[in-house]
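Please read the structure below before turning to the comments.
The values are calculated or read from the model by the stated rules, or taken from the named source; none is laboratory data. As the structure is a prediction and not an experimental result, all values here were calculated from the model. A quick note on method: Cβ atoms are made from the backbone with ideal geometry, for glycine too, and the neighbour counts reach across all protein chains shown.
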């Protein structure tokens with residue numbers, strides 16, 4: 001069976017060397033260790049909640065029902081946990097219930113589950 005694995009070294013290279021998120025993070029009060037912890041925790045979330053939906057999601061597929069888009073039911077629990085765990089709030093101001101974070105980190109959290117190969121993830125046997 002395939003296994004989920006992320007090349008965190010590649011993700012960190014892009015965040016810290018290319019995007020230089022540590023500069024923006026310092027203004028927000030984050031150090032490199034905190035940023036890496038956020039990335040690692042989100043990687044675990046994707047591995048445990050999002051990745052398992054890939055096969056059943058493909059098998060069920062997205063459908064148009066009575067003029068509305070219907071997504072596979074298996075997406076519901078992962079989406080609910082995304083909100084329950086507060087991932088949706090990353091990168092937004094505290095005044096609106098968010099958790100300030102560098103813009104590149106916010107984009108990572110939004111895009112990671114959508115395009116795994118773009119972010120250094122791979123599936124191994």
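The table below gives the values:
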quantity	calculated
Residue 5, sole failed condition from (1) touching a residue at least 40 places away in the same chain (Cβ under 8 Å); (2) surrounded by 17 or more Cβ atoms within 10 Å (Cβ to Cβ); (3) more than 24 Å from residue 94 (Cα to Cα)	(2)
Matching helices (runs of 4 or more DSSP H) fully within segment 6-94 where at least 2 residues are more than 20 Å from residue 114 (Cα to Cα)	21-28, 32-45
Checking residue 37 against (1) farther than 20 Å from residue 80 by Cβ; (2) in contact (Cβ under 8 Å) with a residue 60 or more places away in the chain, the condition it does not meet	(2)
Failed item in (1) at pLDDT 95 or above; (2) surrounded by 16 or more Cβ atoms within 10 Å (Cβ to Cβ); (3) more than 16 Å from the chain's Cα centre (by Cα), with residue 68 passing the rest	(2)
